[in-house]
Amino acid sequence: MCVLKETLRLHPPFPLLLHETVEDAEVSGYSIPKGSRVMINTYALGRDPDSWSDPEINPSRFLDPGAPDLKGNSFEFIPFGSGRRSCPGMQLGMYAFELATAHLLQCFTWRLPDGVKIGDVDTIEGPGLTVAKANSLVAVPIKRLLCPILLESHNV
Ligand code: HEM
């Protein structure tokens, strides 16, 4: 779960949340009139060095008792948004994310193609309202013979 949360921190699938203000507000000295369109940059929030003392990848940060949860209570970590218009599918999304990742890890050992080093794998995102990798990840799955899902699909 910590790895999934850290992935959402560094690579939120919705990097910009689009909202409209319902009342006049002032943020950091700027007046924002009621009815303004505002974009909340979840990508930048997840990497903000003022909020994260160690912004580099470190899934175990989420083991700390005071670590932010996914419910939108900590504005530095809002991959599902926050408040009334936050994502109603969060629980289902997390189940699907966890299940898919667990199956990929349980059923396959993953290697990089010959000659590719771990530092050569880029994690750069392409443009878009929902985020996809700019360059496809090329990895080599090696079947694990004892994986129950693979055994079932081959009627073994
Ligand atoms: C990992 C998976 C998912 C992520 C990261 C995600 C993220 C988000 C985000 C950031 C928002 C906008 C929140 C805002 O504007 O403040 C949103 C809205 C929404 N999401 Fe998700 N979501 C996921 C999965 C799902 C699933 C599985 C469903 C439905 C089955 C779903 C249904 C919705 C709906 C209906 C809204 C609009 C809510 C509204 O405007 O009131 N999402 N989601």
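The values are calculated or read from the model by the stated rules, or taken from the named source; none is laboratory data. All figures in this text were calculated on a predicted structure; none of them were measured in a lab. Reconstructed Cβ throughout: ideal geometry from the backbone, glycine too, with neighbour counts over all protein chains shown.
Here are the numbers for the structure shown:
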| quantity | calculated |
| --- | --- |
| Selection count, region 45-58, where residues are closer than 18 Å to I78 by Cβ and touching a residue at least 12 places away in the same chain (Cβ under 8 Å) | 6 |
| Of residues in region 1-54 being within 12 Å of the ligand (Cβ to nearest atom) and charged (D, E, K, R), the one farthest from M90 (Cα to Cα) | E20 |
| Qualifying residue in region 63-79 (condition: more than 16 Å from the ligand (Cβ to nearest atom) and either at pLDDT 95 or above or surrounded by 14 or more Cβ atoms within 10 Å (Cβ to Cβ) (or both)) | yes |
| Yes/no for T109 being in contact (Cβ under 8 Å) with a residue 12 or more places away in the chain, away from the ligand (no atom under 16 Å from the Cβ), of a type in the set (V, I, T) and under 24 Å from L137 (Cβ atoms) | yes |
| Matching option when the condition is of a type outside the set (D, E), on the phi > 0 side of the Ramachandran plot and either in contact (Cβ under 8 Å) with a residue 12 or more places away in the chain or in the same structural domain as D122 (by TED's automatic domain parsing) (or both), among G83, G35 | G35 |
